[in-house]
Amino acid sequence: MSGRSEVVRRFLDGELDGAEREALARVRAERPDLDEELSSLARIKGALGDQRDRIAAPDDLADRVMATVADRPHRRRGRLGRRAISLWPAGALALLLFLLATAPYARRHRASEPPLPAPAAEKRLLK
């Protein structure tokens, strides 16, 4: 929750301390539109009341959920599952296109390099 949302929630719930109430009063004096917004939120909160207390989950909800989960067959998949199987052709195609696109540059680079020394010259270099 953002800092502003937290202050508004605490204001509506009457949880602000003295310093916070004074700071909010200064901001409300500078911004009349904020007064209207806070009043609207207070009306909404009043209209809703404590709805969360009126709507309760059935007593057997946890048992029903656990029974439903237990009835389902356990399927174990790899980390990527079926998605990995369907993505490998796209990866192979991307690699092939990359190699085809860079092949001319690789050939030009090899052509500009001096030829490799003959085996006899290599032996002299290694000594």
Contacts under 8 angstrom Cβ, first residue in segment 36-48 being in a helix (DSSP H, G or I), partner surrounded by 10 or more Cβ atoms within 10 Å (Cβ to Cβ), 6 or more apart: Leu38/Val8; Leu38/Phe11; Leu38/Leu12; Leu38/Arg28; Leu41/Val8; Leu41/Leu12; Ala42/Leu12; Lys45/Leu12
Conditions (1) over 30 Å from Asp13 (Cβ atoms); (2) modelled with pLDDT of 70 or more; (3) in a helix (DSSP H, G or I): number failed by Arg83: (2)
Matching residues, segment 1-14, being touching a helix residue (DSSP H, G or I) at 6+ places or on another chain (Cβ under 9 Å), in a loop (DSSP other than H, G, I, E, B) and either under 15 Å from Ser39 (Cα atoms) or at pLDDT 85 or above (or both): Asp13
Breaking point among (1) surrounded by fewer than 10 Cβ atoms within 10 Å (Cβ to Cβ); (2) under 30 Å from Gly14 (Cβ atoms); (3) modelled with pLDDT under 85, for Glu30: (3)
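The values are calculated or read from the model by the stated rules, or taken from the named source; none is laboratory data. Not measured: the values here are computed from a predicted model. FYI the Cβ positions are ideal-geometry reconstructions off the backbone, even for glycines, and counts take in every protein chain you see.
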